[in-house]
Amino acid sequence: MDALDRKILTELQQDGRLTVTELAARVKLSVSPCHRRLRDLEREGAIRGYRAVVDPAAVGLNFEALVFATLRWEDPDTVTAFEEAVAAIPHVLQAQRLFGELDYLLRVTTTDLTAFQQLYDQRLARLPGVQRLTSTLVMKHVVDERPLPEQ
């Protein structure tokens, strides 16, 4: 990956709806070489996909919490069962496995506190292998959906 590929990635992170012609103009390439580079970046996995960034509040998801999960055991079967169960919960927007005292960080969104409490009691607390859940509420997004930095 060279500087031109990085420029293409930077431009697409800012506006994923650019046409190849617009992208080529922004990175100062002709359309054919830009299109080739774009397809190479997609094929190599540098570009994993394209999507719209939706404002959660605009669709009624006004509540967000971070939930830290600690598992009882960290054997492969428990980890797999936990991760599969988490992946099946649509309100979990992100889930990361951590090093350290806490095993997982889940970013969860719901309509309100009552809906979160129901999700917590009915789904999250019943996840396989959970020893303890700790949650905190998101008050404000200071940095959100930031493009990756250029190296």
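List the chymotrypsin sites (Phe, Trp or Tyr not before Pro) within region 50-149 that DSSP assigns to loop and that have no more than 16 neighbouring Cβ atoms inside 10 Å.
Listed in order of number, the matching sites are Y50, W73, F99.
What are the ³J(HN,Hα) couplings of region 82-99, residue after residue, when phi is run through the Karplus curve with 6.51, -1.76, 1.60 and θ = phi - 60°? Round to Hz, x for glycine and proline.
4, 5, 5, 5, 5, 4, 8, 9, x, 6, 8, 7, 8, 9, 10, 7, 10, 8
Rounded to the nearest whole Å³, what is the per residue volume of the convex hull around the Cα atoms of region 38-77? Display every interim value, and only then the final one.
Values: hull volume 6.7 nm³, N = 40.
Taking the convex hull of the Cα positions in region 38-77, it is 167 Å³ per residue.
Just the accessible area per residue of region 63-141, please: how many Å² with a 1.4 Å probe?
On the way: 4860 Å² over 79 residues.
Per residue, region 63-141 has 62 Å² of solvent-accessible surface.
For helix 3-14, report the angle its Cα long axis makes with the longest principal axis of the Cα atoms of the chain; keep it between 0 and 90° and round to the nearest 10°.
60 degrees
In nm, give the distance between the simple-model label positions of D40 and R97, each being 7 Å from the Cα along the Cα-to-Cβ direction.
That separation, rounded to one decimal, is 3.3 nm.
So if a site counts as exposed when it's one of the trypsin sites (Lys or Arg not before Pro), its DSSP state isn't H, G, I, E or B, and it has at most 15 other Cβ atoms within 10 Å, what's the longest stretch of the chain without one? Before the final figure, lay out each step's value.
Values: sites that count: R17, K28, R48, R51, R72, K140.
Here the longest segment lacking exposed loop sites spans 73-139.
Which of these values of Rg/Rh (Cα atoms, Kirkwood Rh) was calculated from the structure shown: (1) 0.93; (2) 1.48; (3) 1.09?
Answer by label: (3).
Taking GluC sites (Glu not before Pro) that fall in a DSSP loop and have at most 10 other Cβ atoms within 10 Å as cut points, what is the longest piece of the chain between them? Walk me through the numbers on the way to the answer.
Working: sites that count: E44, E101, E145, E150.
In the chain, the maximal stretch lacking such sites is 45-100.
Hey, what number do you get for the chain at 222 nm if only DSSP H runs of n ≥ 4 count, each worth -39500 (n - 2.57), divided across all residues, to the nearest 500? Mind dumping the intermediate values first?
Details: 5 runs with 55 residues, N = 151.
Result for the chain, helices only: -11000 deg cm²/dmol.
With everything on Cα atoms, drop me the angle between helix 31-43 and the longest principal axis of the chain, reported from 0 to 90° to the nearest 10.
Computed tilt is about 30 degrees.
Counting only protein heavy atoms, what percent of the accessible surface of the chain is carbon or sulfur at a 1.4 Å probe?
52 percent
The values are calculated or read from the model by the stated rules, or taken from the named source; none is laboratory data. Remember, predicted model here, so these are calculated numbers, not experimental data. For neighbour counting, all protein chains shown are included, and Cβ atoms are generated from backbone atoms with ideal geometry for every residue, glycine included. Side chains included, ligands, DNA and RNA excluded: accessible areas come from the protein's heavy atoms. Shrake-Rupley method; radii C 1.70, N 1.55, O 1.52, S 1.80 Å.
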